[in-house]
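Following: one structure in structure tokens, then a few remarks.
The values are calculated or read from the model by the stated rules, or taken from the named source; none is laboratory data. As the structure is a prediction and not an experimental result, all values here were calculated from the model. Cβ placement follows ideal geometry from the backbone for every residue including glycine, while neighbour counts extend to all protein chains displayed.
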Amino acid sequence: MQSLAIQAIVIFAGLAIPLSKAMVPIWIVYAFISGTTAMGFWVIAHECGHGAFSDNRKIETTIGYILHSILLVPYFSWQRSHAVHHRFTNHITDGETHVPLVIEGNGTTEKAGAENDIETYRRLGKFRYGLLQLVMHLLFGWPAYLLAGKTGGATYGTSNHFWPRAPFSSKLWPSNWAKKVWISDYGVGVVITALCLWSIHSGISYVIAFYLGPLLVVNIWLVVYTWLHHTDTDVPHLADSGFSFMRGAFLSIDRPYGRILDFLHHRIGSTHVIHHIAPNIPHYHAREATLAIKKAFPKVYLFNRSPIHKVLWNVATSCIAVKREEGGARYIWQAPSEQTSN
């Protein structure tokens, strides 16, 4: 109800803004505000996928399906790939999101291709490379993941959350999951049809102002959270020999997003470690559970106090590729000055 009430207030305020070229800057501000508040719906939808929203599975699935469809995300497809992400957090080959490129990877068991990114860094320089990474991740990262499995592990190939068959890989969709992908598509299709009808009736400007602009901001927040949850210069990825579910879970990173964002987004950024340890804990118990694990496991619980904008820039400019430790089971981020082409 919190997210619903806040979003209703924001939309009501938006109705008072004239749709004109002169008001475009105001509508950009509105998109940022509306998308930021709407991110709360994503968190609720996310909890539905984990079984953390309600004891009634029918209600939970219905709400999760509706919310994901409104956000143009196929619900069951995401539920499956996200479960894989949780099972193999920070696994160098089986991880499902934000899996890094590997220096001297062999192209089959590791995610090779680091040489191209290293060369791009050298050609552009730190500042322009960082800007490129921010644009590619924040604006295009989420649709690229849904449509082509970008940042996914080498194990799953080029997956598509809307199409579980060739020419895309089917490795993410075993058993009856392929059927569930098609069921997910129906919900997204209904929303797209509704958007088209809305555009015909009221004009494309209304759809952009009240829906597409805020949706873009929601997607940006989603990438910020997931990217920074699982990436930092001193956080390794693991080979199969050094991986376990709990070790991967403790490689998630909590960060200080501040009271306003924590309130609007149900603390998804500052209580993410416990979410990986026990994904079915509801968001309203996550803070107390986080305090418990922080006290119980002070040496392994990860919390980075750096301001979000600074760490985002650091990750964009420094986390280019990893290299396996000699004889070890960990893959460590290499500073750009240490990276060499083969």
- Message: Would you confirm whether or not the range 129-144 contains a residue that is among the hydroxyl-bearing types (S, T, Y), in a helix (DSSP H, G or I) and either without any contact (Cβ under 8 Å) to a residue 60 or more places away in the chain or on the phi < 0 side of the Ramachandran plot (or both)?
- Response: yes
- Task: Just one of (1) buried (at least 19 other Cβ atoms within 10 Å of the Cβ); (2) at pLDDT 95 or above; (3) under 30 Å from K310 (Cβ atoms) trips up G149, so point out which.
- Result: (2)
- In the range 30-71, what count of residues is obtained for those that are under 18 Å from T226 (Cα atoms) and either surrounded by fewer than 20 Cβ atoms within 10 Å (Cβ to Cβ) or not charged (D, E, K, R) (or both)? 17
- Message: Residue under question is I92, and the condition is that it be over 22 Å from V181 (Cβ atoms) and modelled with pLDDT under 95; does it hold?
- Response: yes
- Note on the structure: All conditions in (1) outside any helix (DSSP H, G or I); (2) β-branched (V, I, T); (3) touching a helix residue (DSSP H, G or I) at 6+ places or on another chain (Cβ under 7 Å); (4) without any contact (Cβ under 8 Å) to a residue 60 or more places away in the chain are true of I268 except (4)
- Query: Which one is nearest to the chain's Cα centre (by Cα), of the residues in the range 172-202 that are in a loop (DSSP other than H, G, I, E, B) and either surrounded by fewer than 16 Cβ atoms within 10 Å (Cβ to Cβ) or of a type in the set (S, T, N, Q) (or both)?
  - Reply: P174
- Of (1) more than 22 Å from the chain's Cα centre (by Cα); (2) among the aliphatic types (A, V, I, L, M); (3) at pLDDT 95 or above, A31 fails just (1)
- Message: Of everything in the range 276-311, what is closer than 20 Å to V224 by Cα and in a loop (DSSP other than H, G, I, E, B)? Give them in sequence order.
- Response: P279, L302, N304, R305, S306, P307
- Task: Please enumerate the residues belonging to the range 161-171 that are buried (at least 16 other Cβ atoms within 10 Å of the Cβ), at pLDDT below 95 and over 12 Å from S81 (Cβ atoms).
- Result: F168, S170
- Query: Name the pairs whose Cβ atoms lie under 8 Å apart, with the first residue in the range 14-43 and basic (K, R), the second outside any helix (DSSP H, G or I), and 6 or more positions between them or separate chains?
  - Reply: none
- Task: Tell me, yes or no, whether the range 109-118 has at least one residue that is among the acidic types (D, E), in contact with a helix residue (DSSP H, G or I) (Cβ under 9 Å, 6 or more places away or on another chain) and assigned to a loop (DSSP other than H, G, I, E, B).
- Result: yes
